[in-house]
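Quick notes on the structure that follows.
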Amino acid sequence: MVATTTVSQGVPVTQGSDVELLGVSKTRPKGAGRETGGLVLNHLNLRVEPGSFVSIVGPGGCGKTTLLRLLAGLEPPSAGHVHVGGQTVHGPSPRRGIIFQDANLFPWLSVLKNVTFGPLSVGVSLKDAEARATHWLTFLGLSKFLQRYPHELSGGMQQRVAIARAIVNEPDLLLADEPFGGLDWITREQVCDELLRLWHTTRKTFIYVTHALEEAVYISQRVIILSARPGTVAKVIEVNLPEQRWAATDLRFSPEYARLVEEVREIFAEQTALAHNSR
Amino acid sequence: MALEELRTAISAVDRAAAPPTTVPLDAIPLPSDRIINLRAGPTVIIWLTVLAVHNLIPQAGATFKVPADYLSPAALLVLGIALATWGFAYIAKGRRENVLAIYRVLIVLGIVLIPWEVAERLAWIKPPFFPTASKVIGVYIEDYPTLLLSIAYSMRLMIIGYVIGSTVGIFSGLALGWSKHVSNWAQFWMRLIGPIPATAWIPLAIVIFPNTFSAGIFLIAFASWFPVMMLTSSGVAGVPKALLEAAQTLGADNKRLLLHVVIPAALPNVFVGLFMSLGTAFAILVVAEMMGVKAGLGWYITWAQGWSEYHKVYASMLVLGALFIIVVSGVFKVRDRLLSWQKGIIRW
């Protein structure tokens, strides 16, 4: 069962960009709503191959979100270099899509218009933008909700719209910051599968931040475990599970999956313990 | 297959637990026959009482001239309306909420009129400061050309001033909320100048402007400018950072950010400012017309007061109130169109 699904239809062409973080540090000023200032990321080195799906886990406050914001260009690093697709990141760009923890949809725009916002921002014609938006919304099972407003949708559907909105610009790198934290588990698994399917179709580079360890193992090819604050890469675990995981319904019950989750859990626990001891 | 089965089972439970249908708020059951009768009956009785008090109590004190009686026809008209809507409520059941609203107004009006008429008939209160209801109604019949002209002049002054003031308010509010530089340099001065009551500008306005009409426009514009500016700028400053970041990562430049994110997000606040400034603009309208504009309802009030014709004062006050309702509901209509997306989020 699992074995049959590992065979993918030929080798897909990789279109995603590679990501490189060299000696990246980030310090934050103390105060201004934060009780803890100081070093958030400490001399972090990381390379992500083009077209791969990588997830990042780590103890609370280790700088996962900060790392993602640096990659998106929403904040500059205090030291070090952030390269995406061979170029230094300066500010946000439509080449790097991001899905936030909250769907962050524009409440005054319909579902369709939320998704066409991106293409229209980068100069795509209205007709093409609508065609592309409709394509991705249909891919995510939202074809019946194009004219609805975000508040009329459930949390899971809103997050699907957010995925469509992030992917419609066809970015080379898609970042996701605990995107499904607010969803119930069944919905969460479904949307996870959709994201996985999306990655498989588009072959962009996906970086997925989460605090759910099972999810990290389930969704990605590599799990990067960050150390306690100040964050740096503690361990990288390769996940050698079949690619089309959404088709393998027994995957979550396979011994290999259980072993990987256990491994991630152990390292995670070590890091959390370190965090507590250092306080 | 276990997971698939679990999913089916859970979604089945979900469906079973969900309430069969949710009743939308606007599908509240229509008022019953009984409620309609309970409003219509008292309305008729109250207005028959008005008619009786007005016609049956003999006028105390000497009246050297019997004035024209406008209250009796008016009360008869109200009775006619009450009976007609009573019948209408049975034909058009869908309009029953509107019918009830009419009854509520007529009942309150009648209850106020009865003691007023009794006091008037027994000569407990004396004209001209407290005229009879009949005389107030008479103004609309005898003096309507002047009144209509006054309304037209007032509306012209009001609309020109309000549109100028709120336009300037929206643009300066956007600049203040959007640009750090504008805010750093101008914030202090805006906060200093803005709260000065528009009436305090009257001496200056009269000197600067060539005539009282343009001075009036300035005062109304000034009065409506400040609330709109403050609320627009706080609306702009309060646009969720997350929405701006989302738009930036989608490739929006500054222009698009301003037009398609900041302005729509700030619009609910802008409308709060527009409603607030409408009130101050109305107050200043009357003040401006009283201070020297040679037409309009404010002028009409001052002029009538000069002749001790207080019934005209009250009649035009009622007109002012009605005009305010009309103008406010106009702005509400615009808001409803522009902010229809808010309907599901906040209470209207």
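Sketch the reach of a paramagnetic label on B:Trp307 as a point 7 Å from Cα along Cα-to-Cβ, and name the residues of region B:139-179 whose backbone nitrogen lies under 16 Å away.
B:139-151
Once phi is turned into ³J(HN,Hα) by the Karplus curve 6.51 cos²θ - 1.76 cosθ + 1.60 with θ = phi - 60°, what whole-Hz value does each residue of region B:229-234 show in order, with x for glycine and proline?
4, 4, 6, 5, 5, 6
Identify which of B:Ala223, B:Ala84, B:Ala123 has the largest mean-square fluctuation in a Gaussian network model of chain B, with springs joining Cα atoms closer than 10 Å.
Judging by the Gaussian network model, the answer is B:Ala84.
Tell me what chain B gives for mean residue ellipticity at 222 nm when only DSSP H runs of n ≥ 4 count, each as -39,500 (n - 2.57), the sum divided by the residue total, rounded to 500 deg cm²/dmol.
Helix-only estimate at 222 nm: -25500 deg cm²/dmol.
With N denoting the number of residues in chain B, provide Rg(C-alpha) divided by 2.2 N^0.38 Å, to two decimal places.
1.37
Please compute the contact order of chain A in relative form: average sequence separation of alpha-carbon pairs under 8 Å and at least six residues apart, divided by the residue count, as a percent.
27
Going by alpha carbons, how many degrees (0 to 90, nearest 10) lie between the helix axis of B:33-56 and the longest principal axis of chain B?
Roughly 30 degrees, rounded to the nearest 10.
List the residues, sorted by chain then number, that are 5 or more residues from A:Gly80 or on another chain and whose placed amide H is less than 5 Å from its amide H.
Residues meeting the criterion, in which the H sits 1.01 Å from N, are A:Ser25.
Taking the square root of 5 times each eigenvalue of the Cα gyration tensor, what semi-axes in Å does the equivalent ellipsoid of the protein assembly as shown have, largest first?
Taking √(5λ) for each eigenvalue gives 68, 32, 20 Å, largest first.
Evaluate the distance, in nm, between pseudo-label points positioned 7 Å from the Cα of A:Leu274 and of B:Asp336 along their respective Cα→Cβ axes.
Label at A:Leu274, label at B:Asp336, 6.2 nm between them.
Calculate the all-directions average of the projected area of region A:49-119's alpha-carbon convex hull, and give it in nm².
That works out to 6.5 nm², a quarter of the Cα hull's surface.
Please list, in order along region B:94-101, the HN-Hα scalar couplings obtained from phi with the Karplus expression 6.51 cos²θ - 1.76 cosθ + 1.60 (θ = phi - 60°), rounded to whole Hz, x for Gly and Pro.
Each residue's phi maps through the Karplus curve to give x, 9, 5, 4, 5, 4, 4, 4 Hz.
Counting Lys +1, Arg +1, Asp -1, Glu -1, what net charge surrounds B:Phe213 among other residues with beta carbon under 11 Å of its beta carbon?
+1
Quote the charge dipole size of chain A about the Cα centre in Debye, to the nearest 20; the model charges only the Cβ of Lys and Arg (+1) and of Asp and Glu (-1).
Value, rounded to 20: 720 debye.
Let's test this: bin the Cα-Cα distances of region B:109-220 at 10 Å from zero up to the farthest pair and state each bin's percent.
In order of increasing distance, the bins hold 11, 23, 21, 19, 15, 8, 1 percent.
Among A:Leu260, A:Leu120, A:Phe145, whose Cα sits farthest toward the positive end of the charge dipole of chain A (+1 at Cβ of Lys/Arg, -1 at Cβ of Asp/Glu, about the Cα centre)?
With unit charges placed on the Cβ atoms, the residue in question is A:Leu120.
For a quick check: with amide H placed at 1.01 Å from N, whose amide H comes under 5 Å from A:Ile98's, ignoring anything fewer than 5 positions away on the same chain?
The list, which skips near neighbours in sequence, is A:Leu175.
Near B:Arg156, within a Cβ-to-Cβ distance under 14 Å, what is the net charge of the other residues, with Lys and Arg +1 and Asp and Glu -1?
Combined, the nearby Lys, Arg, Asp and Glu give 0.
Count of lysine pairs in chain B with Cα atoms under 18 Å apart, counting only pairs 8 or more residues apart in sequence or on different chains?
10
Residues with amide H under 5 Å of A:Ala234's amide H, sequence separation 5 or more or different chain, H placed in the peptide plane at 1.01 Å from N; which?
Under 5 Å from the amide H of A:Ala234: A:Ile225, A:Leu226, A:Ser227.
May I have the convex hull volume per residue, in Å³, for the Cα set of region B:144-341?
Residue-normalised Cα hull volume stands at 123 Å³.
Roughly how many debye, to the nearest 20, is the charge dipole of the protein assembly as shown about its Cα centre, given +1 on each Lys and Arg Cβ, -1 on each Asp and Glu Cβ, and no other charges?
Once rounded to the nearest 20, the dipole reads 1320 debye.
Tell me the angle of helix B:297-306 to the major Cα principal axis of chain B, expressed in degrees between 0 and 90 and rounded to the nearest ten.
Helix B:297-306 sits at roughly 30 degrees to that axis.
Quick one: if the Förster radius is 60 Å, what FRET efficiency do A:Glu266 and A:Lys127 give, using the C-beta to C-beta distance and rounding to 0.05?
It comes to 0.65.
On alpha-carbon atoms, Rg over Rh for region B:33-140 using Kirkwood Rh?
1.06
How far apart, in nanometres, would the label points at B:Met155 and A:Gln87 be if each is projected 7 angstrom from Cα along the Cα-to-Cβ direction?
My value for the distance between the label points is 5.8 nm.
Quick check: pseudo-label points 7 Å beyond the Cα along Cα→Cβ at A:Ala258 and B:Ala84, how many nm apart are they?
8.3
Hey, in the GNM for chain A with a 10 angstrom Cα cutoff, which one of A:Phe253, A:Phe106, A:Phe268 fluctuates hardest?
A:Phe253
By the gyration tensor of its Cα atoms, with a ≥ b ≥ c the square roots of the eigenvalues, what is the shape of chain A: rounded for a/c under 1.5, prolate for a/b over b/c, or oblate?
oblate
Read phi for every residue in region B:107-123 and hand back ³J(HN,Hα) as whole Hz from Karplus 6.51 cos²θ - 1.76 cosθ + 1.60, θ = phi - 60°, with x for Gly and Pro.
Whole-Hz 3J(HN,Hα) from phi for region B:107-123: 5, 4, 4, x, 5, 6, 5, 4, x, 4, 5, 4, 4, 5, 5, 8, 6.
Using a Förster distance of 25 angstrom, determine the FRET efficiency expected from the C-beta separation of B:Arg34 and B:Leu109, and round it to 0.05.
0.60
Magnitude of the Cβ-charge dipole of region A:103-170, K/R +1 and D/E -1, about the Cα centre, nearest 20 debye?
That gives region A:103-170 a dipole magnitude of about 100 debye.
Every number in this text was worked out from the coordinates using simple rules, so none of it is lab data. Bear in mind the structure is a predicted one, so any value in this text is a computation, not a measurement. Using ideal geometry, Cβ is built from the backbone for each residue, glycine included, and neighbour counts are taken over all protein chains shown.
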